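Enquirer: A single structure is presented below for examination.
Just so it is clear, none of the values below were taken in a lab; they were calculated from the coordinates. A quick note: this is a predicted structure, and the numbers were derived from the prediction, not measured. Cβ atoms come from the backbone with ideal geometry, glycine included; neighbour counts cover every protein chain shown.
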2 protein chains.
Amino acid sequence: MREEMLVSILNDLNGSSADIEASAVISTDGLIIASVLPATLDEDRVGAMNAAMLTLGDRSAQELNRGELEQVMVKGSDGYILMTHAGRDAVLSVLAKANAKLGLIFLDARRAAEQIAKIL
Amino acid sequence: MREEMLVSILNDLNGSSADIEASAVISTDGLIIASVLPATLDEDRVGAMNAAMLTLGDRSAQELNRGELEQVMVKGSDGYILMTHAGRDAVLSVLAKANAKLGLIFLDARRAAEQIAKIL
């Protein structure tokens, strides 16, 4: 039931922009809670990479006096990975194309993360 | 001589916005090449955290089909860390305040990174 609600939020998010290729809700220890991924992406790999980035992002934010971790963005030549905290125990990860309008992706991700935090 | 030129670029960058608190040029293995940091930040710590984020960012971008790593951003409740590749062997890291206008910081950082890449 909760998983269906989460998948519905992810479907809405992926549908909100043609530039969003995949999204997932991941526990802070790297386990997938819900996901809408293309067949080319492996759930476990997405979970593991996101969890590692979060752990290190958290540590970096603390060590460099940036406070509590809220978001991590990785930009590659072929697109973006955007991780946004959805409450304390989970993270929304969004994969977007290289030509994505970043402001819009940030906005949509933050709104979806707030909805997800309420459900979890 | 090159270090002076780099420090001059960093000084210009830090002076371009009151929201930029610190900046540094770091080799991809985490050694500081040049930096303009406040006394509250330790050079070695900045280098180490940036190198770790870059290594993992690089790996994440590859594993999640995002191509070659270009930037990593960490947003905390008290501010941003923005890492931008400056050529192959170095990275420009910028620390900005929480209320920074992100678009402007991205733009200034990318321009500075291009200048740095030419010098290195």
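Enquirer: If a residue has to be more than 14 Å from the chain's Cα centre (by Cα) and aliphatic (A, V, I, L, M) to count, how many in the range B:103-120 make the cut?
Expert: 3
Enquirer: Moving on to the next point. Consider the range A:96-120. How many of its residues are among the β-branched types (V, I, T) and in contact with a strand residue (DSSP E or B) (Cβ under 6 Å, 6 or more places away or on another chain)?
Expert: Residues meeting the conditions: 2.
Enquirer: Answer with yes or no whether A:M83 is in contact with a strand residue (DSSP E or B) (Cβ under 9 Å, 6 or more places away or on another chain), part of a helix (DSSP H, G or I), touching a residue at least 24 places away in the same chain (Cβ under 8 Å) and closer than 24 Å to B:I20 by Cβ.
Expert: no
Enquirer: Next question, about the same structure. For the range B:21-53, name all the residues that are part of a helix (DSSP H, G or I), farther than 15 Å from B:L92 by Cβ and among the hydrophobic types (A, V, I, L, M, F, W, C).
Expert: Answer for the range B:21-53, where residues must be part of a helix (DSSP H, G or I), farther than 15 Å from B:L92 by Cβ and among the hydrophobic types (A, V, I, L, M, F, W, C): B:A48, B:A52.
Enquirer: I would also like to ask the following. When you look at A:N65, is it in contact (Cβ under 8 Å) with a residue 40 or more places away in the chain and in a loop (DSSP other than H, G, I, E, B), yes or no?
Expert: No.
Enquirer: Please state which of the following conditions B:L95 fails to meet, knowing it meets all the rest: (1) within 12 Å of chain A (Cβ to nearest Cβ); (2) closer than 27 Å to A:K97 by Cβ.
Expert: With (1) within 12 Å of chain A (Cβ to nearest Cβ); (2) closer than 27 Å to A:K97 by Cβ applied to B:L95, the lone miss is (2).
Enquirer: Would it be correct to say that B:L6 is farther than 29 Å from A:G47 by Cβ and either in a helix (DSSP H, G or I) or among the hydroxyl-bearing types (S, T, Y) (or both)?
Expert: yes
Enquirer: Within the range B:45-78, how many residues turn out to be over 18 Å from the mean Cα position of the chain (by Cα), under 14 Å from A:T55 (Cα atoms) and more than 7 Å from chain A (Cβ to nearest Cβ)?
Expert: Number satisfying all stated conditions: 0.
Enquirer: Moving to a separate point now. Does the range A:86-101 hold any residues that are in contact (Cβ under 8 Å) with a residue 24 or more places away in the chain and within 18 Å of B:Q71 (Cα to Cα), and which are they?
Expert: Residues satisfying the conditions are A:S93, A:V94, A:L95, A:A96, A:K97, A:N99, A:A100, A:K101.
Enquirer: Also: From the residues in the range A:70-89 that are over 23 Å from B:Q62 (Cα atoms) and touching a Leu at 6+ places or on another chain (Cβ under 7 Å), which one is surrounded by the most Cβ atoms within 10 Å (Cβ to Cβ)?
Expert: By that ranking, first place goes to A:A86.
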